[in-house]
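Participant: Starting off with a structure, shown below.
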Amino acid sequence: MFIQTETTPNPASLKFLPGRAVVEGAALEFTDPDSAERQSPLAGRLFAVEGVRGVFLGNDFITVTKDEQEEWFALKPAVLGAIMEHFLSGDPVAVAGGEASRPTHAPEDDAIVQQIVELIDTRVRPAVAQDGGDISFHGFERGVVYLNLRGSCSGCPSSVVTLKNGIENLLRYYVPEVVEVRPVA
């Protein structure tokens, strides 16, 4: 098995490409070892590597976030080993789990929200996934779009610039009712 790696705009995150599907459907993010171990054997294995602080499982990639004091040259071989061990074991990547949170907006904003979600899904998400992350619509209220950044985008130094200069400008151009974009935790 050959696993490629790619850097991300977030220096604390590295994207691993195992050359096969990782998760089908919604991406999964883990920021603590306990939930990772309960919900994903793969994420549990990765958290067993000392220095791993976060795991994001996308459709065909895995983004691992490290502690600040760790260096990738020391951590990367152990992460590659954990990923390879997992896929060779035949264990599932994730087990059936919790319910996803539902986006919030007023019923009269359905048409606006539909436009926003379509723009995010077709224009923004593919670009964000290339950088090892994901973005999802969380809500729309009084002209403010609330978005959830995950994976390498969460905590990335350039995420505020991406939100304000990229996504906010795009949404305001196509959807005049949008006045601002804000991240949610």
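Participant: Just a yes or no: is a residue in segment 109-128 hydroxyl-bearing (Ser, Thr, Tyr) and in contact with a helix residue (DSSP H, G or I) (Cβ under 9 Å, 6 or more places away or on another chain)? Spell out how you get there, then give the answer.
Facilitator: Of the residues in segment 109-128, the ones hydroxyl-bearing (Ser, Thr, Tyr) are 122.
Adding the requirement that they be in contact with a helix residue (DSSP H, G or I) (Cβ under 9 Å, 6 or more places away or on another chain) leaves none.
Taking every residue of segment 109-128 in turn, none turns out to be hydroxyl-bearing (Ser, Thr, Tyr) and in contact with a helix residue (DSSP H, G or I) (Cβ under 9 Å, 6 or more places away or on another chain).
Let's see how each residue does on (1) outside the structural domain of Ala12 (by TED's automatic domain parsing); (2) small (Gly, Ala, Ser):
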| site | (1), (2) |
| --- | --- |
| Ser35 | no, yes |
| Asp60 | no, no |
| Gly81 | no, yes |
| Glu85 | no, no |
| Asp109 | yes, no |
| Val145 | yes, no |
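Participant: Looking at Leu75 and the list (1) farther than 22 Å from Thr162 by Cβ; (2) under 15 Å from the mean Cα position of the chain (by Cα), which single condition is not satisfied?
Facilitator: Of (1) farther than 22 Å from Thr162 by Cβ; (2) under 15 Å from the mean Cα position of the chain (by Cα), only one is false for Leu75: (2).
Participant: Which strands (runs of 3 or more DSSP E) does segment 1-61 wholly contain that include 1 or more residues that are loosely packed, with under 13 Cβ neighbours inside 10 Å?
Facilitator: Qualifying strands (runs of 3 or more DSSP E): 4-7.
Participant: Please identify the pairs in which a residue from segment 153-177 that is without any contact (Cβ under 8 Å) to a residue 60 or more places away in the chain and within 13 Å of Arg123 (Cα to Cα) has its Cβ atom under 7 Å from the Cβ atom of a residue that is among the basic types (Lys, Arg) and surrounded by 14 or more Cβ atoms within 10 Å (Cβ to Cβ), counting only partners at least 6 apart or on another chain.
Facilitator: The qualifying pairs are Leu170/Arg123.
Participant: I've got another one for you. Which count do you get for residues in segment 121-172 that are surrounded by fewer than 15 Cβ atoms within 10 Å (Cβ to Cβ) and touching a Lys or Arg at 6+ places or on another chain (Cβ under 8 Å)?
Facilitator: Number satisfying all stated conditions: 1.
The values are calculated or read from the model by the stated rules, or taken from the named source; none is laboratory data. None of the values given here were measured: they were computed from a predicted structure. So basically every Cβ, Gly included, is an ideal-geometry build from the backbone, and we count neighbours across all protein chains shown.
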